Amino acid sequence: MPRPRPDLIILGGGLAGGLCALALAERRPDVEIVLVEPAAAIGGNHLWSFFASDVAPGHAWLVEPLIAHRWPGYDVAFPAHRRCIEEPYRTIESERLDAAVRRALPAENILLATAEDATATSVTLSDGRTIEANAVLDARGLGAPVPGMHCGWQKFLGQLLRIDAGHGIDRPMVMDATVDQTDGYRFVYCLPLSPTDLFVEDTYYSDSPELDATQLERRIASYAQAQGWAVSAVTRQESGVLPVLMGGDFDTFWPANDRVARGGVRAGLFHPLTSFSLPDAVRFATWLAKDAPLDERLGVAARDYAQQHWRRGRFDRLLARMLLRAADRPQRFRILERFYRLPEPLIARFYAGRSTFADRLRILAGRPPVSLARAFAAMMEKK
Ligand SMILES: Cc1cc2nc3c(=O)[nH]c(=O)nc-3n(C[C@H](O)[C@H](O)[C@H](O)COP(=O)(O)OP(=O)(O)OC[C@H]3O[C@@H](n4cnc5c(N)ncnc54)[C@H](O)[C@@H]3O)c2cc1C
């Protein structure tokens, strides 16, 4: 067992909890951390991708050792428009996160356990044990339902396909929206992990959270067939139903009297439209390791941090409402098709959550590719 009273207990060894543990171990090695994770593998079984510009150069030290795949750019395709974007693209494999965290923390500080309850300075595990600490960080993922969040859903299933004859793709296809637009904005995402291994994901934006895995498996099979790929094996599979945040109320999501610090998506630290959280998980982990008070004040400090993020997301929530409320399902792709005609630096700032005021005007400028009346109603909705 670790020291009777560690400095910090992190609940959840997912992406955010793992990055926080790594950042603290690197930058504040004097801090004793206990990580509580019920799954055998830290980070589960995931691929996390991001655009290189999502991570500030000053934060690269945290993610660089975790990157398993790199490409100099990526492609997008829409019915009336195809484009190569010269923005480097990166993928982290959860196996690397697991190995890095196990190198950084003593084995006895990683508890294979489930947290039942937490206060700002203590955690009760499902086996009845209570551990006291100077501070607790809850990074147990979002859970459902989520009070205070008005959501649509981004649903996907991805398979790593082995194609012995080679797939012929040398850079990621981040959105191939030339496919049938079933149930909302749909696209196929392809990551070439080797000349014969291709990760193919079928994704769609939807009003409901139900995921029909069999249907998505069939769609991937028919996409592969249409491309002429003979698949010899499926070597990995993952799926997700991620919230697309259209609006809500931060004080309901995280009441001011809730003093347990939160991190990761549990703190709302994700991009409202894409649901991707890696850029925010990196920023939060580096903040934690540099500026955060690791004592009972952590809850208030983390809540302030999350509230600022929520405020900055106002424009992205508006875009999420435009996508899911103002456009008819078969026409939703037009919003992204139009977005992808904009300059590359603007696109990069948007994904990194750093759109400027001028970017926002540019994104909204001109006649929207949706009903004007519904676009106006979406703009007027509670943010
Ligand atoms: C399949 C999939 C692919 C994704 N791909 C990307 C991507 O490419 N890029 C990107 O930026 N985002 C991606 N996302 C979105 C988002 O980044 C991930 O969901 C990310 O893992 C969220 O990080 P997190 O640490 O906040 O939560 P999680 O990674 O979900 O971690 C939560 C952890 O808490 C643990 N936990 C749960 N309950 C308890 C408990 N009671 N006690 C202790 N621990 C507990 C869980 O086991 C888990 O390990 C993806 C999401 C999914 C589902």
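The values are calculated or read from the model by the stated rules, or taken from the named source; none is laboratory data. Please read all numbers here as calculations on a predicted model, not as lab measurements. Neighbour counts run over all protein chains shown; Cβ positions are idealised from the backbone, glycine included. What goes into the accessible areas is simple: the full protein's heavy atoms, side chains included, and nothing from ligands, DNA or RNA. Shrake-Rupley method; radii C 1.70, N 1.55, O 1.52, S 1.80 Å.
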Cα centroid separation - region 312-346 against region 239-260, whole Å: 22 Å
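Can you work out the FRET efficiency for the pair ASP164 and VAL300, with r the C-beta to C-beta distance and R0 = 41 Å, to the nearest 0.05?
On the way: r = 56 Å, r/R0 = 1.37.
Efficiency at R0 = 41 Å is approximately 0.15.
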Relative counts (whole %) of C-alpha pair distances in region 1-91, using bins that are 5 Å wide: 3, 11, 17, 18, 16, 12, 9, 7, 4, 3, 1, 1, 0
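Given R₀ = 25 Å, FRET efficiency for THR130-ARG102 by Cβ-Cβ distance, to 0.05? Present the calculation step by step, with values, prior to reporting the outcome.
Numbers: r = 25 Å, r/R0 = 1.01.
FRET efficiency, THR130 to ARG102: 0.50.
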For THR235, solvent-accessible area (1.4 Å; no DNA, RNA or ligand), Å²: 70 Å²
Protein-only accessible surface order, largest first, of ARG332, ARG218 at 1.4 Å: ARG218, ARG332
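Using only alpha carbon positions, build the gyration tensor of region 62-141, then give the equivalent ellipsoid semi-axes as the square roots of 5 times its eigenvalues, largest first, whole angstrom.
On the way: eigenvalues 329, 58, 22 Å².
One finds semi-axes of 41, 17, 11 Å for region 62-141.
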Whole-Hz couplings from phi, Karplus 6.51/-1.76/1.60, listed for region 163-173; x for Gly and Pro: 10, 4, 7, x, 9, x, 9, 10, 9, x, 9
The chain, helix-only ellipticity at 222 nm - DSSP H runs n ≥ 4, -39,500 (n - 2.57), divided by all residues, nearest 500: -8500 deg cm²/dmol
The chain, accessible area per residue, ligands and nucleic acids excluded (1.4 Å, Å²): 42 Å²
Model label zone, PHE357; criterion: amide N under 14 Å from point 7 Å along Cα-to-beta-carbon; scope region 295-311: none
Cα convex hull volume per residue for region 1-47 (Å³): 76 Å³
Cα-derived Rg to Rh of region 153-301, Kirkwood definition: 1.09
Label-to-label distance, nm, for residues given as VAL241 and ARG349 (7 Å Cα→Cβ offset): 3.6 nm
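Taking only C-alpha pairs under 8 Å that are 6+ residues apart, what is the relative contact order of region 91-180 in percent? Before the final figure, lay out each step's value.
Numbers: 37 pairs, mean separation 10.6, N = 90.
Here the relative contact order equals 12 percent.
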Cut-off under 5 Å, modelled amide H: who pairs with VAL231 long-range: none
Among ARG325, ARG311, ARG219: highest mean-square fluctuation, GNM of the chain, C-alpha pairs under 10 Å: ARG311
Quarter of the Cα convex hull surface for region 1-160, i.e. its orientation-mean projected area (nm²): 12.3 nm²
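State, to one decimal in nm², a quarter of the convex hull surface area for the C-alpha atoms of region 103-222, i.e. the direction-averaged projected area. Write out the running numbers ahead of the final one.
Numbers: hull surface 48.3 nm².
Computed as one quarter of the Cα hull surface, the answer is 12.1 nm².
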DSSP beta bridge pairing in region 1-151, given as percent antiparallel to the nearest 5: 65 percent
Label zone at ASP207, where the point sits 7 Å out along the Cα-to-Cβ direction: region 325-343 residues whose backbone N lies under 20 Å: 325-336
Within a Gaussian network of the chain (alpha carbon springs, distance under 10 Å), most fluctuating of ALA213, ALA352, ALA327: ALA213
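How much of the pair distance distribution for the chain lies past 34 Å, counting alpha-carbon pairs only, in percent? Spell out each step's value before the answer.
Numbers: 21111 of 73153 pairs.
Beyond 34 Å sits 29 percent of the P(r) for the chain.
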Rounded percent of accessible protein surface that carbon and sulfur make up, region 33-140, 1.4 Å probe: 52 percent
Region 105-213: trypsin sites (Lys or Arg not before Pro) in DSSP loop, at most 15 other beta carbons within 10 Å: ARG129
Cβ crowding within 10 Å averaged over residues, with 97-106, 338-347 ranked highest first: 97-106, 338-347
Choice from ILE92, ILE169, ILE110 showing the highest fluctuation, given a GNM over the chain with Cα pairs closer than 10 Å: ILE169
Phi-based couplings in Hz for region 51-66 (Karplus 6.51, -1.76, 1.60; Gly and Pro marked x): 7, 4, 6, 5, 10, 5, x, x, 10, 4, 4, 7, 9, 3, x, 9
Long-range amide H partners of ARG236 with built H, under 5 Å: LEU160
Separation of alpha-carbon centers, region 168-183 and region 40-111, rounded to whole Å: 20 Å
Evaluated over region 139-188, the Cα radius of gyration and Dmax, each in Å: 16.3, 49
The chain - share of DSSP beta bridges that are antiparallel (%, nearest 5): 80 percent
